[in-house]
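Q: I'd like to ask some things about the structure below.
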Amino acid sequence: MAGYSLADFPDSGRTGELPESVDWRDPSILVQGAAPDINPDHFSISRQKWERSGIRQWDFGELPETLTLQGAKKEKWTAYPGLKTEGDDLALRLFRDRGEALKSHKEGMVRLFSFHFARELRMLLHRLKLPKDASLAARYFGGSKTLEKEIYESILQDLFSRDIRSPEAFAAHAAEAEPIIAEKGKEKLQSVVRIITAYHECRTGLYDLENANRSNRVIIQFLAMQRDSLTNLVPEHFTALYTDDRLNHLERYIRAIRIRAERAMHSFDKDQNKAAEVKIHTDRLQKLLKELSPNVSDEKRKSVEEFFWLLEEYKVSVFAQELKTPVKVSAKKLEKMFGEIMRMV
């Protein structure tokens, strides 16, 4: 039974297993409704007053979350100021949509902090080198150079993707981030090495089992589904998808897939009985994903994410109990959580 990854929540284009819907990780899903039309003349005038390019430091004063624009007949519209990356440049722009403005501004903050910490980040990039013995495992993820770059970019997102609106807040966050940049890089690199090593070992183990069972069509199909579960759980750009907290659990989930596959070779019927128990909850997950919409509440969206992770823990408890779970998990707990989510708006 193939699993679902965060990248497939839902229909992100990686597996095609789920019906067309939305990606729950996209913050724009929480934006309610469309932005009202703004008089283009007044918007153009406001842009001339507010917008600027060539930003290299915070020298533009406090940045409000919203601006109220007023027309000649006292009609009013709301605009949203924010930073925007434009090639190698950084600009201050006005947006008509709140969600677009917030997303752009956080990306712009990453760029602004990158300018601020140019020397420190050059040193960080120099140190983010995968060990030579991890190069084979890195091939699943675009190779060592590609993966090193993605680790670097994920660290920038972790540290600097913030909705900061004042020079004082910028300075405070810079002071907080500066002493942890190097250690953050070291920890993320070590975490990724553990994950890709476990991934490579799991892929190799599945391949060996396939070679040993080539004449058994049912087993070959089963192993192919485990490989799909693995690639869904750890997609090529996994460093951009998962927080550090989630990355810390990936290695255990990967090991659980391998343990399940190996045990199934000795007792396939027992594995399938357990799989039937898990399928009840994966079907419920799929139902929750189908019902996500652009108007879903933040509470429901986060709860669906938590259901996904609790289901991963449940799989560990069912197929690889010796790996243990950091939280108590059971079919009853999943059933209760599903009911609670279904009652949410």
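Values quoted throughout were computed directly from the atomic coordinates according to the rules given, and no laboratory measurement underlies them. Remember, it's a predicted structure, so these values are computed and weren't measured experimentally. Glycine also receives a Cβ, built like all others from the backbone with ideal geometry; neighbour counts cover every protein chain displayed.
Q: Size of the dipole of the chain about the Cα centre, Lys and Arg at +1 and Asp and Glu at -1 on the beta carbon, nothing else charged, in debye to 20? All intermediate terms of the calculation are to be shown ahead of the outcome.
A: Working: 56 positive and 54 negative charges, 89 e Å.
In total the dipole reaches around 420 debye.
Q: Still on this model: So which trypsin sites (Lys or Arg not before Pro) in region 186-254 are both in a DSSP loop and have at most 10 other Cβ atoms within 10 Å of their Cβ?
A: Details: sites: K186, K188, R194, R203, R214, R217, R227, R246, R252; in loops: R214.
Sites meeting the loop and neighbour criteria: R214.
Q: Additional query: Take R343, project a point 7 Å from its Cα along the Cβ direction, then tell me which residues of region 304-319 have their backbone nitrogen under 16 Å from it.
A: Only 304 pass the distance filter.
Q: Further question on the same structure: Please give the length that would be gained between S161 and K73 if that part of the chain were fully extended, namely 0.36 nm times their separation in residues minus their C-alpha to C-alpha distance (nm, one decimal). Kindly include the intermediate steps, with their values, before the conclusion.
A: Working: separation 88, 0.36 × 88 = 31.68 nm, distance 3.92 nm.
Additional length available on full extension: 27.8 nm.
Q: Same structure, new question: How would you rank V218, V192, going from fewest to most other Cβ atoms within 10 Å of each one's own Cβ?
A: On the way: V218 10, V192 25.
So the residues, fewest neighbours to most, are V218, V192.
Q: Amide H to amide H, which residues 5 or more places from L90 or on other chains are under 5 Å from it, using H placed in the peptide plane?
A: G54, I55
Q: Compute log10 of I(q)/I(0) for region 128-283 with the Debye formula, placing one identical point scatterer on every Cα and leaving out solvent, at q = 0.11 Å⁻¹, to two decimals.
A: Cα-only, vacuum Debye calculation for region 128-283: -0.55.
Q: I'd like the orientation of helix 244-264 relative to the chain: the angle between its Cα long axis and the longest Cα principal axis, in ° from 0 to 90, rounded to 10.
A: Helix 244-264 sits roughly 20 degrees off the main axis of the chain.
Q: So, one more: From the residues F113, Y152, P40, which one has its Cα farthest along the dipole of the chain in the positive direction, the dipole being from +1 and -1 charges on Cβ of Lys/Arg and Asp/Glu about the Cα centre?
A: Result: Y152, furthest along the dipole toward the positive end.
Q: Please list log₁₀ I(q)/I(0) at q = 0.21, 0.25 Å⁻¹ for region 231-293, using the Debye equation with identical point scatterers on the alpha-carbon positions.
A: -1.05, -1.08
Q: Quick check for me: using +1 on Lys/Arg Cβ and -1 on Asp/Glu Cβ, what's the dipole size of region 144-247 about its Cα centre, in debye to the nearest 20?
A: On the way: 13 positive and 17 negative charges, 99 e Å.
Using Cβ point charges on Lys, Arg, Asp and Glu, region 144-247 gives about 480 debye.
Q: Further question on the same structure: Calculate I(q)/I(0) for the chain by the Debye formula, one identical point scatterer on each C-alpha and no solvent, and give its log10 at q = 0.08, 0.15, 0.16 Å⁻¹ to two decimals.
A: Log10 of I(q)/I(0), two decimals: -0.50, -1.31, -1.39.
Q: Test of the criteria: in region 74-158, which GluC sites (Glu not before Pro) are in a DSSP loop and have at most 13 other Cβ atoms within 10 angstrom of their Cβ? Working shown, then result.
A: On the way: sites: E75, E86, E100, E107, E120, E148, E150, E153; in loops: E75.
Those satisfying the criteria are E75.
Q: How far apart, in nanometres, would the label points at T146 and A331 be if each is projected 7 angstrom from Cα along the Cα-to-Cβ direction?
A: Rounded to a tenth, the inter-label distance reads 4.1 nm.
Q: Say the dipole of region 299-345 comes from +1 at the beta carbon of Lys and Arg and -1 at that of Asp and Glu; which of L311, M342, L323 then lies farthest toward its positive end?
A: Farthest towards the positive end: M342.
Q: Another one. Which far-off residues, 5 or more places away or on another chain, put their amide H under 5 Å from the one on L63, with H placed in the peptide plane?
A: S166
Q: Using Cβ counts within 10 Å as a stand-in for footprinting exposure, how do T85, T204 rank, fewest first?
A: Numbers: T85 16, T204 13.
With the fewest neighbours first, T85, T204 line up as T204, T85.
Q: Pop out the ³J(HN,Hα) list for region 312-320 in order, Karplus 6.51 cos²θ - 1.76 cosθ + 1.60 with θ = phi - 60°, rounded to Hz; leave Gly and Pro as x.
A: Values per residue, Gly and Pro as x: 4, 5, 4, 4, 4, 5, 7, 9, 8 Hz.
Q: Another one. Reachable lysines from K74, Cα under 21 Å, same-chain residues fewer than 8 places away excluded?
A: Cα-Cα hits under 21 Å: K49.
Q: Sorted from fewest to most neighbouring beta carbons within 10 Å, what does the list M337, M109 look like? Don't jump to the answer; show the numbers that get you there.
A: On the way: M337 18, M109 24.
Lowest count first: M337, M109.
Q: Among I257, I45, I181, which one shows the biggest mean-square fluctuation in a GNM of the chain, springs joining Cα atoms closer than 10 Å?
A: I45
Q: For region 264-345, divide the Cα radius of gyration by the Kirkwood radius and give the resulting Rg/Rh value with two decimals.
A: Values: Rg = 14.1 Å, Rh = 13.7 Å.
Across region 264-345, the Cα-based Rg/Rh ratio is 1.04.
Q: Continuing with the same structure: Name the most mobile residue of A118, A198, A224, meaning the one with the largest mean-square fluctuation, in a Gaussian network model of the chain with Cα contacts below 10 Å.
A: A118
Q: Could you give me the ³J(HN,Hα) list for region 97-109, computed from phi with Karplus coefficients 6.51, -1.76, 1.60 and θ = phi - 60°, whole Hz, x at Gly and Pro?
A: With coefficients 6.51, -1.76 and 1.60, one gets 10, 4, x, 5, 5, 5, 4, 5, 5, 5, 5, x, 5 Hz.
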